[in-house]
Amino acid sequence: MHIDFAPPSKGTYNNAGSSRLLANYLEHEDLERMEKGIYTEGFFNLTDDNIYKSMVIKDIDSNIGQLLKTDAKFYAIHVSPSEKELRAMGNTEQEQAEAMKRYIREVFIPEYAKNFNKELSASNIKFYGKIHFDRNRSDNELNMHCHLIMSRKDQTNKKKLSPLTNHKNSKNGIIKGGFDRVNLIKQVEQRFDKLFGYERQLTESFEYNNTMKNGSIAEQLKMQQGQIANTEIQPINQQNVGTAIQPDIQTLQQADNMQININVPDLVLSSLLGLPTPQPNNSNEEQQIPMKRKKKKSKRGFRR
């Protein structure tokens, strides 16, 4: 599950003004699909489907109490399942779209509200979602994803809510609460798996990919060890050892007069991480191996 928070820009994602540009953009796919007679999805919120774009714009643009002209009025969030996750959500586009709306309503919005640490629930969040079925520059067979327009203010138009703040559970100062994006992604991923009975592999998890991208070498090695444990790599003397490792070990074992001292897990980790492969421990590496001298055969005299 890929979740990203679109940064404000001067174009479609300019959130200091009206939400009209963004709402217009989110409908561009509908026109193309309608011309082809293909199923489309309208805007939705926590309780209703097929909401008119004009109502979305009016509701978001009027919920801006006490915000300055240059303040953000709304935020855009993208929720994009992988192909494997989409297959777990349904067999058809319509089934997957219904599953996505259920996921947004029952999982994402409640966790989003909770993550502000302001005693909020899903009903306090003003948002509108729009499902897209295609994605440019993608060769995937399945590309359904969801765009969310999140109001800066809550339903009462009193509390400011920003998922882009760098504060996390602040209790002192002007800003109370905060928002932890990493925690949100972890929670909605775990609840996705529970909701759809999805068996997530370690390498698919946000924690794994985040560690391999941003973690220290020690954290990456620990995560790789977890991956190796999950794939159940067998001892080196069994026949089903990976072919990429086995030939190297056999070649080393056939070398004459060398003391081999290689730790197999280290070799596997080095291969996976692209680190230099550990070299054999040969204490006589710089010493020449003495040549064996052939014994001279004694000459025997001729018998008469």
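The table below gives the values:
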| read-out | value |
| --- | --- |
| Sequence of Val188, Val182, Val79 once ranked by neighbouring C-beta atoms within 10 Å, starting from the fewest | Val182, Val79, Val188 |
| Members of Lys130/Lys186; Lys10/Lys58; Lys10/Lys130; Lys53/Lys168; Lys10/Lys84 lying beyond 25 Å, as alpha-carbon distances in this model show | Lys53/Lys168; Lys10/Lys84 |
| Using θ = phi - 60° and Karplus 6.51 cos²θ - 1.76 cosθ + 1.60, couplings along region 51-59 (whole Hz; Gly, Pro as x) | 7, 5, 4, 4, 5, 4, 4, 4, 5 |
| Added length on full extension, which subtracts the Cα-Cα distance from 0.36 nm per residue, Lys69 to Thr92 | 3.9 nm |
| HN-Hα J in Hz across region 145-155 - Karplus 6.51, -1.76, 1.60, θ = phi - 60°, x for Gly and Pro | 8, 10, 9, 10, 9, 9, 5, 5, 9, 6, 4 |
| Where labels lie 7 Å past Cα in the beta-carbon direction, separation of Asp49 and Met34 in nm | 1.8 |
| Amide proton proximity set for Phe74, modelled H, under 5 Å, gap of 5+ | Arg152 |
| Sequence of Lys213, Lys126 once ranked by neighbouring C-beta atoms within 10 Å, starting from the fewest | Lys213, Lys126 |
| Region 39-61-region 13-32 distance, computed between alpha-carbon centres (Å) | 12 |
| Length gained when the stretch Lys158-Asn136 is fully extended (0.36 nm per residue, less Cα-Cα span) | 4.1 nm |
| Fewest-first ranking of Leu31, Leu148, Leu120, using other Cβ atoms within 10 Å as the exposure measure | Leu31, Leu120, Leu148 |
| Residue-span extension gain [Lys10 to Gln190] - 0.36 nm each, minus C-alpha spacing | 61.3 nm |
| FRET E, pair Glu27, Gln225, Förster distance 35 Å, beta-carbon r, rounded to 0.05 | 0.15 |
| Inter-site label distance for Ala218 and Lys84 at 7 Å from Cα along Cβ, in nm | 3.0 |
| Spin-label pair Val182/Glu119, simplified geometry with 7 Å Cα→Cβ offset, distance in nm | 2.9 |
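None of the figures in this text is laboratory data; all of them are computed from the coordinates on show. Because the structure is predicted, anything quoted here is derived from the model rather than measured. When we count neighbours, we look across all protein chains shown, and the Cβ atoms used for this are built from the backbone with ideal geometry, even at glycine.
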